[in-house]
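K.L.:
If you scroll down you'll find the structure; I have some questions about it.
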Amino acid sequence: MESKAFGELKPSGRLRMFNEETRLREEKKALEERRIKLLLDQHRADCKAQTGDPFWQEISKWEKVTQGDFLSHKWQVANAVYELQNIVKFLDSVLPPKVPGPRISTQPTTWISKRDFIDDVEKGMLQTTMAVKLTPYILSRINWKDPVADPIRVQFLPLRSAMSLDHPMVELDSLHERNDMPVPGLVHRYPDRVLFLATHICPLFCRFCTRAYAIGPRTEWFMRQAEAEAMKDNSATGSKRWAAMYDYIEKTPAVNDVVVSGGDAYMLASKQIKSIGESLLSIPHVKRIRFATKGLSVGPMRFLDPDDDWTNNLLGLNNLAREVGKEVYVHTHFNHPNEISWITQQAMRRLHRKGLRVRNQAVMLKDVNNSVPVMSDLIRKLSDIHIDPYYVYIPDMTPAIEDLRVPLHEFIAIEKAIIGSIGGFKMPKFVVDAPGGGGKRPAMSYESYDRTTGISTWTAPGAMPEGKKDKVFTYYDPLWLQRTPPQTNL
Ligand code: SF4
């Protein structure tokens, strides 16, 4: 049609139209260039600014803490809150006289006193396998006017009144990691990759940790369990152990991928992360290393702190890996959008600019992120700050977290509802880490699932050792489901 129109024009009209088209093209190009320049200027200004809402000053104890101090990794470490008396003192200083109690649908909100809430926490701490330790950053992300419902509080600070009877099949080492350790501290479950447990400490401790058998100090719960006395097997880390772990990897050419975890790689000293990274990259058949850290979600300032070499060393390893044709990644752990702040954004801007890839492994937890809106929001917000949503796990069957577990059908329903609404490459895989060591299985790939009994079965043809190929692994929905009518949070 266009050429016909051209054909009907006189030569002078054709020239005018040509000139007009050229002018419009040039204007469009100039507009695009102006826009790109504006974006670049804006981005550079944002990166430089490093300022934002001083949200920590909402907490009276830290109302005079400057941004400089709050962003210092040293300050965060020095002001972490742990041990019962300090937690009680902190709660006493931060809570209003009354807070909303547990929500029961259709009933009006009841209020509980500050004292009742603190008593509930004290009793909860006697029942948990994981010690309570909290960073100032994460304490500042909790809404202390409504702590019972706060999704961050739920993950780290137990309330006795919310906890329920353990499922009889829970185990401290529910994934049987210790059965798959050819040398202490190194889990070899999949043919080509190993888990290098470099430390047994974390910046804070999650109630639902899969490695409850090893991570953090022993709790009251352990003291009461005669058979667990020998557990909290956290002697399996430290530089002497690392030598045997390197040796095993060196002698196992099938291993090309190493996850450095623990505990949390964030807790390694700067020189330790450098030395572990260099030792592993120097092994010819190791092609990639993943450093597992919750640090980005609970202490992102370490990724910005100019007085701390940890991040520089991590970035140095990434550069070295690229030079020699290998890969370094960070695997992190965000469960709720409220964990993301302007500090996280600044930290991720730095890593993204320097070319370090970050992936997220979330856990779906009841009353934290077991809904389509919250999980979708988390996935989108992570994507926007250049974190690739990689996995969402159903909680492992460890003790004292029954109140946090979600049933498989709910887990799958949420995955189904989100698939398609988000680009496939940003859609995390929803997985069940098969109890007993079957490894990660896509949630929809169960062999059988009885919604009434809550029992699902799984096979793991790719897991190691060979003997597991014919084994059937079983996952159990939480017991609270049997006592309450099925309901959905979708
Ligand atoms: S950060 Fe990871 S290893 Fe540490 S307590 Fe939490 S889940 Fe466990």
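The values are calculated or read from the model by the stated rules, or taken from the named source; none is laboratory data. Since the model is a prediction, treat every value here as computed from it, not as a measurement. Cβ: placed from backbone, ideal geometry, glycine included. Neighbour counts: every protein chain shown.
K.L.:
Working only within the stretch 414-437, note down all residues that are assigned to a helix (DSSP H, G or I) and either surrounded by 16 or more Cβ atoms within 10 Å (Cβ to Cβ) or polar (S, T, N, Q) (or both).
P.N.:
Residues satisfying the conditions are 414, 415, 418.
K.L.:
Looking at the stretch 258-292, which of the residues that are among the charged types (D, E, K, R) and closer than 18 Å to residue 323 by Cβ is nearest to the chain's Cα centre (by Cα)?
P.N.:
Residue satisfying both the conditions and the ranking: 288.
K.L.:
Just checking, which of 260, 286 is modelled with pLDDT of 95 or more, in the same structural domain as residue 207 (by TED's automatic domain parsing) and within 16 Å of the ligand (Cβ to nearest atom)?
P.N.:
260
K.L.:
If you scan the stretch 177-206, which residues turn out to be touching a His at 6+ places or on another chain (Cβ under 7 Å) and either within 15 Å of the ligand (Cβ to nearest atom) or in a loop (DSSP other than H, G, I, E, B) (or both)?
P.N.:
182
K.L.:
A further question on this structure: Among residues belonging to the stretch 274-306 that are of a type in the set (Val, Ile, Thr) and outside any loop (DSSP other than H, G, I, E, B), point out the one that is nearest to residue 362 (Cα to Cα).
P.N.:
298
K.L.:
Turning to a different aspect of this structure: Would you mind telling me which numbered condition in (1) in a strand (DSSP E or B); (2) in contact with a Pro (Cβ under 7 Å, 6 or more places away or on another chain); (3) of a type in the set (S, T, N, Q) residue 361 fails?
P.N.:
If we test residue 361 against (1) in a strand (DSSP E or B); (2) in contact with a Pro (Cβ under 7 Å, 6 or more places away or on another chain); (3) of a type in the set (S, T, N, Q), just (2) comes out false.
K.L.:
Take the residues in the stretch 120-163 that are among the small types (Gly, Ala, Ser) and touching a residue at least 40 places away in the same chain (Cβ under 8 Å); name whichever of them is farthest from residue 365 (Cα to Cα).
P.N.:
140
K.L.:
Let me ask something else. Quick one: residue 346 ticks every box in (1) assigned to a loop (DSSP other than H, G, I, E, B); (2) crowded, with 19+ Cβ neighbours inside 10 Å; (3) more than 16 Å from the chain's Cα centre (by Cα); (4) not hydrophobic (A, V, I, L, M, F, W, C) except a single one, so which number is it?
P.N.:
For residue 346, the failing item is (1).
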